[in-house]
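Participant: Following this message is one structure expressed as structure tokens.
The values are calculated or read from the model by the stated rules, or taken from the named source; none is laboratory data. None of the values given here were measured: they were computed from a predicted structure. For neighbour counting, all protein chains shown are included, and Cβ atoms are generated from backbone atoms with ideal geometry for every residue, glycine included. Calculation scope for accessible area: heavy atoms of the full protein, side chains included, ligands and nucleic acids excluded. Shrake-Rupley method; radii C 1.70, N 1.55, O 1.52, S 1.80 Å.
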Amino acid sequence: MERQEIIDGLIEVLRTVRTVDPAKLEHVTEETDFLTDMNTPSTELINIAAKVEQKFDVEFEDEDIDELGSKVKDIVDLILKAKARQDS
């Protein structure tokens, strides 16, 4: 799975999150920060992670979530890591 595919899927997920301003989803890159660029409450990141698990059919481990940064690239890396774990 390509990183851009994951970002596109992530944007689909974010469109369903009521605390995310849809206008802020127009120019999302791997460097986009959920907290500062999208003004997403930090408490919402857990909800987003749960939706991402469903969307990409992956399961995150607790320590993955504990170590999750607030940038788009962090969640892309996490999805790829979870996929790799599933495939092995």
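Participant: Return the sequence-ordered ³J(HN,Hα) values of the stretch 34-46 in whole Hz as given by the Karplus equation 6.51 cos²θ - 1.76 cosθ + 1.60 applied to θ = phi - 60°, using x for Gly and Pro.
Facilitator: Running phi through 6.51 cos²θ - 1.76 cosθ + 1.60 with θ = phi - 60° gives 4, 6, 8, 7, 9, 6, 7, x, 4, 5, 6, 4, 5 Hz.
Participant: Still on this structure, I have one more. Given H placed on each backbone N at 1.01 Å, which residues far from K71 in sequence or on other chains put an amide H within less than 5 Å of it?
Facilitator: Result for K71 returns F34.
Participant: Could you report the accessible area of D8 in Å², rounded to 10, computed with a 1.4 Å probe on the protein chains as they sit in the structure?
Facilitator: Only protein atoms counted, so the area is about 80 Å².
Participant: Something else: How many lysine pairs are close in the chain, with Cα atoms under 17 Å apart and the two 8 or more places apart or on different chains?
Facilitator: 12
Participant: In the stretch 1-47, carbon and sulfur make up what percent of the accessible area (probe 1.4 Å)? Please report the intermediate quantities before stating the final value.
Facilitator: Numbers: 1460 of 2900 Å².
That fraction is 50 percent.
Participant: Another question, then. Calculate, in nm to one decimal, what D57 and E2 gain on full extension: separation in residues at 0.36 nm each, minus their alpha carbon distance.
Facilitator: Extra length from D57 to E2 when fully extended: 18.3 nm.
Participant: How much accessible surface area, in Å² rounded to 10, belongs to the heavy atoms of T43 with a 1.4 Å probe?
Facilitator: About 110 Å², ignoring ligands and nucleic acids.
Participant: Follow-up. Report the Cα-based extents of the chain along its three principal axes, largest first, to the nearest Å.
Facilitator: 38, 25, 21
Participant: On C-alpha positions alone, give me the angle between the axis of helix 3-14 and the longest principal axis of the chain, in degrees, nearest 10.
Facilitator: 60 degrees
Participant: Enumerate the calculated ³J(HN,Hα) couplings along the stretch 28-33 in order (Karplus 6.51 cos²θ - 1.76 cosθ + 1.60, θ = phi - 60°), each rounded to whole Hz, writing x wherever the residue is Gly or Pro.
Facilitator: Couplings: 6, 10, 5, 8, 4, 9 Hz.
Participant: How far apart, in nm, are two points set 7 Å out from the Cα along the Cα-to-Cβ line at E31 and at A84?
Facilitator: 2.4 nm
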